[in-house]
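Reading through the C-alpha cells given below for one structure.
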Amino acid sequence: MPLPDWLLEEVDEVGDRAAFAGVDELHRGLRALADRYPEITALTRVGTSRHGEPLLCLTIDGAPDDPAALVFGLPHPNEPIGGLTALHLAARLCADAGLRARLRHRWRIIACIDPDGLRLNEGWLAGPITHEHYARHFYRPAGPDQVEWTFPLDYKDAYFDAVLPETQALMRLIDADRPDLVCSLHNSEFGGVYYYLSRAEPALHATLQALPGHVGLPLDRGEPEVPYLVRVDDAIFDGPSTCRAYDYLTGRGEPWTNAGGDSTSSYAGRYGALTLVTELPYWTSPAADDRSPSGTGYGPALAAHARALTDLSTVLADTLAAVAGDLMVPDSPFWRASRSFAVMMAAGARSARSRSTAPEAERVATVAEVASLTEATQCFRLRYGGILLRALDGELAVGNTRPSVRAARARVAARHAEWLAADAGIGDHRPVPIRDLVATQYGAVLAAAEHLAVR
C-alpha cells in the first residue's frame, strides 16, 4: 500500500540522532517547548515517581470539541525509543498548526513515565549499541515494578492493587480525559517491527504494515512474544491482556505465577480508547520476515528454547539462594528484578516445553520462528544475567565482600561471558539507526490519530 504524501513527508523529516536521551534531556525538551509555545501548551506535573522525580506532561491544545490523545514514553525504562518519539511528536505538533488540524486531537504527551528506571539504563544510552555494552548496563524492573503492568486487576483468583505512583498518574489522566487514542511507546530488541492494537482497525492496518518498509525495516513474522497473543493481521496483534494470559496458562494446567497487574490497554479500554503499541528492534536481520521453511521442526525449536530458559532460571535461582542472608542491600532494584525474572524464566520454560510436545508443534518451523526463538534465548540470557551481575557488583560496591557474594559474582561473570561468546556467532544482526526507529514509531502515532480523526 502506498503511504499518503503528508505522512511520508512527516516521516522523512525526522532527523538523525547519535544517542538515546536520558531523563534530564527529555525533561529539558518538554520545558523548552512549553517556553517557546506558551499560547498552545501547558507543562504540568502530573505525579511523582517513587524516587521523587517529577512526572512532566505537555498538553497541546486542540479545538474545544476535539477528542483527547495520551502518548507516553518509557513504560518500560529499557525502551528509550519512545522518549525521542514523544519529543519529536510534541515539537511537530507545536510548530505546525496544519498538522494539529489534520489530526484533530487535544494532546497529552509524557516523554518519560519511569524516570527512576531510565536513570538505571543511562549507562548504555550513548552507546556503543552493542549486545555486550547494552547487557552490562541494562535494567528492566521486576513485574510489580513495571508501570505498564501495574494497573488494577481483579480476575478470578488473580488480584493486584499495589498500583505504582507512575501508573496512578496515567490512571488519573485517562479517567479525566477519557481519551480516544492512547499510545504506549514501547520497543523490542531483535527482529522486525510489529504492533499491538486494542481492537482491530482494518483501515489502519495497511498503513502500519507499510511504514517499516519505507525506512528499510522488515515486519516481524517470527514467534510472538507470548503464545496466547491473537494475531489480527500480519505483524499486528490484539493488545496483550493479563486475563487472557491467565486463562491460557491455567487452561493448560500451568500455574499462575504473575505477580503484576493489568495493562494500559485494558484500563483505557473502559472508555473505548484505541491503544497502539509499536514494537521496534535495536538490531534486525534478514530472518525477521522470512517465512520459508527452516528445516528445523517447530517442536524441537521450542524444546531447545525451553532448555535454555531452564538453564537461565537455574542460574538466577541458584545465585539468589547462594547469597540469601548475606546481602547488605537485599531490596535493591537489581535484586528485585533478579527474583522476578527467575520465576518468569522458569514459567517461560514450562510453557515452551509443554507447547513443544503439542500436536500443533509437529510441523517445520519457519526461518523467522527459529530466529526469533534463538534471539529470545540470547536476549534473556544477556539482559537478565547482566542485571544479576549489577546486583552482585552493587553488593561489592557497598563493601559486602562476603565469600558467598564474591564466589557468586565470579560464577555469574563466567556464565555471562559464555553467553556473550555464543551470541557473537548467532544471526546476521545489524544495528538500526535511531532515526529510522523514531521515524517509524512517530509515523504510526500519526497514522492512528489521523485514522480516528477521519472516522
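Over all other residues within a Cβ to Cβ distance under 14 Å of residue 5, the charged ones net out to -4, with Lys and Arg as +1 and Asp and Glu as -1. The alpha carbons of the range 151-293 occupy a box of 43, 40, 27 Å along the principal axes, longest dimension given first. Using the average count of surrounding beta-carbon atoms within 10 Å as a protection proxy, the listed peptides 440-449, 260-269 rank, highest first, as 440-449, 260-269. In this structure, residue 101 and residue 199 have a Cβ-Cβ separation that, at R0 = 35 Å, corresponds to a calculated FRET efficiency of about 0.85.
Each residue of the range 1-103 gets 142 Å³ once the volume of the Cα convex hull is shared out per residue. Consider the candidate values (1) 20.6, 66; (2) 22.0, 73; (3) 21.6, 66; state which one is Rg and Dmax of the Cα atoms in Å computed from the structure displayed. Here Rg and Dmax of the Cα atoms in Å agrees with entry (3). In the chain, a dipole from Cβ-located charges (positive for Lys and Arg, negative for Asp and Glu) runs towards its positive end, and of 95, 251, 215 it is 251 whose Cα lies farthest in that direction.
Among bridges DSSP assigns within the chain, what percent are antiparallel (round to 5)?
The antiparallel fraction comes to roughly 55 percent.
Count Lys and Arg as plus one, Asp and Glu as minus one, and take only other residues whose Cβ is under 14 Å from that of residue 267; the net charge is then -4.
Just round it to a whole percent: the fraction of Cα-Cα distances in the range 386-428 exceeding 13 Å. Summing the P(r) tail past 13 Å for the range 386-428 gives 56 percent.
Classified by the C-alpha gyration tensor, the range 251-352 has an oblate form. Its axis ratio a/c, with a ≥ b ≥ c, is 1.5 or above, and a/b does not exceed b/c.
Mind running the shape call on the range 98-215? Use the C-alpha gyration tensor, a ≥ b ≥ c as the square roots of the eigenvalues: rounded below 1.5 for a/c, prolate if a/b tops b/c, oblate otherwise. Here the range 98-215 falls in the oblate category. Measure nothing but the geometry: give the 0 to 90° angle between the long axis through the Cα atoms of 242-251 and the longest principal axis through the Cα atoms of the chain, rounded to 10°. In the chain, helix 242-251 runs at an angle near 40 degrees to the longest axis.
What does the charge count around residue 287 come to, taking other residues whose C-beta lies under 14 Å from its C-beta (Lys +1, Arg +1, Asp -1, Glu -1)? Don't skip to the end; give the middle numbers.
Working: positive: 221, 291, 430; negative: 220, 223, 289, 290, 369, 375, 428.
Net charge around residue 287: -4.
In terms of its C-alpha gyration tensor, the range 172-213 has an oblate overall shape, because the principal axis ratio a/c (a ≥ b ≥ c, square roots of the eigenvalues) is not below 1.5 and a/b does not outweigh b/c.
Could you look at the chain and say what percent of its accessible area is carbon and sulfur, using a 1.4 Å probe and all protein chains?
Working: 9140 of 17190 Å².
That share works out to 53 percent.
The values are calculated or read from the model by the stated rules, or taken from the named source; none is laboratory data. The structure displayed is predicted, hence computed values, not measured ones. FYI the Cβ positions are ideal-geometry reconstructions off the backbone, even for glycines, and counts take in every protein chain you see. Side chains included, ligands, DNA and RNA excluded: accessible areas come from the protein's heavy atoms. Shrake-Rupley method; radii C 1.70, N 1.55, O 1.52, S 1.80 Å.
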